[in-house]
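To keep things clear, I will list the structure first and then write my remarks on it.
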Amino acid sequence: MVPADTGGGVMRTDLLTDPVEGLDEALTAVDAFDGALVTGLLRPHPAQAAGLTELTHAVAGTPLAARVAEAAEKASGGAASEDDFVALAAARIALLGSVHDALMVRVDEATGRPRSDETAPVSRGLQSVNLCAAARSWLSDLARCGWQGIDHDVVGGSAGIVSAMLPDPALRRLATLLDGFAAELAASCPGATLARVPVRRWADVWSRAMLLTLPGAAQVPPTSTATGRLLPLGVDVQEHATAVQAQVHAVFEPAYGTAPRLVRAGVSVPKPDTVVGAGLWQLLRPHMSLLAAVGEGRSMELTDMPVTAEGDLVWSDEHARPGGPADAFATARVALPTATDAAVAPLDRHPVRIAVPVFLEGYAARTEESGLTFTFTAATEPLAVDTDRVPAAGPLTPQAVAASGACIGLLRWDAGTFSVQPLAVETTVRKKAVAIHAGGWAGGTTDKAGVKAEKAATDAVAVLRERAGKLLRK
């Protein structure tokens with residue numbers, strides 16, 4: 001989608017619409033197993049047994065084949081053990097991993113960028129055997145009763161496990177997942193009255209949590225350090241009622257002259273549900289100086305910053321200092337086409353986690369008849385634009401995206417199609433070319449709407465701190 005005469009690489013969007021061999025069959029097998037979890041595996045019906053059989057056939061010829069076939073047979077008879085559920089979860093994750101890999105091959109072909117040959121390591125760290133066994137037991141109970149069979153007694157069984165896990169940093173990743181999962185299930189109880197079950201989502205969380213109970217699976221240690229210049233591309237903001245995360249996507253140029261690589265740096269904080277919009281930055285800024293650099297359009301100089309094989313910087317302000325001016329669009333045009341994509345850890349090989357930085361230019365934005373969605377269209381196939389992911393915590397709006405001529409975004413895959421999530425666009429405002437970033441207010445803002453939201457957040461946080469102080473004094 002980038003014209004060849006701009007100096008950037010040409011994005012072959014036509015490759016993103018071509019069918020991927022075997023993808024539909026893999027997803028059909030996953031859906032069949034997910035359907036079996038809806039009514040539960042305590043007393044499976046023939047339809048559920050058929051779903052287990054389809055999962056077994058999908059992994060035939062792989063190292064998992066024999067173990068999964070045994071687990072599926074026991075589950076079909078209502079006699080599955082915790083180890084059998086682990087095997088079934090592993091087969092499901094392996095299938096989605098194969099879908100992820102096939103899609104990433106297509107993405108690599110479309111972008112023309114190199115991918116790291118490095119393999120993300122599997123940790124062998126120690127963790128509490130008893131707590132992990134307790135978590136597996138609870139997850140197995142969920143599989144037996146099914147999503148339509150959940151009630152507050154079943155869901156509440158996770159409370160003590162989560163409380164015991166949270167103080168241990170090695171178990172916090174699993175504890176957070178279990179806590180969020182239990183809260184979502186509790187809000188849906190009793191399951192028998194659910195009009196709609198989020199089948200794929202709950203099966204995703206269940207299978208991931210099941211494998212994270214295995215020794216060392218929840219630990220992803222840093223594998224090296226990074227020294228050099230960090231050039232931000234954009235910020236992806238993910239907001240929940242009680243938490244918010246900002247993830248900065250960037251190109252890292254090593255000081256020792258090797259090829260640039262794509263990296264991420266993220267920060268997550270709890271938040272009250274009254275803090276929204278631009279006020280979120282007040283909670284995030286104190287934990288990561290990189291956000292101020294993004295807002296100011298500057299680079300960062302890193303010295304021995306811990307980084308994982310997946311390209312995730314384990315951010316510490318002690319290892320970073322502000323650098324010179326760095327225009328994100330200049331980075332996207334010059335450095336991004338040659339940057340190496342990072343490796344992916346085994347448990348993160350899932351199509352929903354695909355978020356690849358791309359640069360698009362020379363397109364025309366076409367609004368659909370509904371007026372709610374639009375696509376970027378150039379000489380090749382159109383590419384859907386996911387403006388629902390544009391955060392309210394920044395100046396970027398769907399209207400600005402629709403009027404743009406260049407875009408930095410994240411290429412994602414969902415519901416069978418690729419789409420791009422805008423992080424920043426170049427557009428014309430009052431006959432002047434301007435760049436508008438989703439993270440434009442990360443370092444502060446003079447925008448009237450942003451200032452108003454920041455003030456409201458300041459007042460809300462001050463009131464909450466005062467109340468918290470009173471409670472502690474009591």
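Candidate cross-link partners of Lys74 among the aspartates and glutamates, defined by an alpha-carbon separation under 18 Å and a same-chain spacing of 8 or more, comprise Asp34, Glu54, Glu82, Asp83, Asp84, Asp141.
Using the alpha carbons alone, the radius of gyration of the chain stands to its Kirkwood radius in an Rg to Rh ratio of 0.97. Residue separation of Thr446 and Ala241 scaled by 0.36 nm, minus their Cα-Cα distance, works out to 71.2 nm of gained length.
Taking the Cα atoms of the stretch 23-172, the ratio Rg/Rh between the radius of gyration and the Kirkwood radius comes to 1.03. Seen against the Cα atoms of the chain and their longest principal axis, helix 199-212 is set at about 80 degrees.
Around the amide H of Leu423, modelled in the peptide plane, lie the amide H atoms of Ile408, Gly409, Leu410, all under 5 Å away and 5 or more residues distant in sequence or on another chain. Between the alpha-carbon centres of the stretch 172-208 and the stretch 313-329 there is a gap of 37 Å.
3J(HN,Hα) along the stretch 404-411, derived from phi through the Karplus expression 6.51 cos²θ - 1.76 cosθ + 1.60 where θ = phi - 60°, amounts to 7, x, 8, 8, 9, x, 10, 7 Hz, with x in place of Gly and Pro. Cβ-Cβ distance of His45 and Thr338, R₀ of 51 Å, FRET efficiency by 1/(1 + (r/R0)^6): the value works out to about 0.40.
Listed values for the stretch 419-425 are Karplus-derived 3J(HN,Hα) couplings in whole Hz (6.51 cos²θ - 1.76 cosθ + 1.60, θ = phi - 60°), namely 8, 10, 9, x, 10, 6, 9, and x replaces Gly and Pro.
Phi angles of the stretch 285-292 translate, via the Karplus equation with coefficients 6.51, -1.76, 1.60 and θ = phi - 60°, into HN-Hα couplings of 3, x, 9, 7, 5, 4, 5, 5 Hz per residue; Gly and Pro are given as x. Taking a straight line from the alpha carbon of Lys431, not one of the lysines sits under 19 Å away once near neighbours fewer than eight places off in the same chain are left out. The long axis of helix 82-111 is offset from the longest Cα principal axis of the chain by roughly 30 degrees. Translational diffusion coefficient of the stretch 347-437 at 25 °C, 0.890 mPa s, Stokes-Einstein with Kirkwood Rh over Cα pairs, in µm²/s as a whole number. It diffuses with D of about 180 µm²/s by this estimate. Near His350, no amide H atom lies under 5 Å from its own; only residues 5 or more places off or on other chains count, and H is placed 1.01 Å from N.
Pairs exceeding 31 Å between alpha-carbon atoms, taken from Lys432/Lys452; Lys271/Lys448; Lys271/Lys432: Lys271/Lys432. If you wrap the stretch 124-219 in the convex hull of its Cα atoms and look at it from every side, the mean projected area works out to 5.4 nm². For the chain, excluding the exposed loop sites themselves (GluC sites (Glu not before Pro), DSSP loop, at most 11 other Cβ atoms within 10 Å), the longest remaining stretch covers 22-367.
Relative to the longest principal axis of the Cα atoms of the chain, the long axis of helix 46-58 lies at roughly 60 degrees.
Since every read-out is calculated from the coordinates, none of them should be taken as a lab result. All figures in this text were calculated on a predicted structure; none of them were measured in a lab. Don't worry about glycine lacking a Cβ; one is built from the backbone with ideal geometry, like all the others, and counts go over all protein chains shown.
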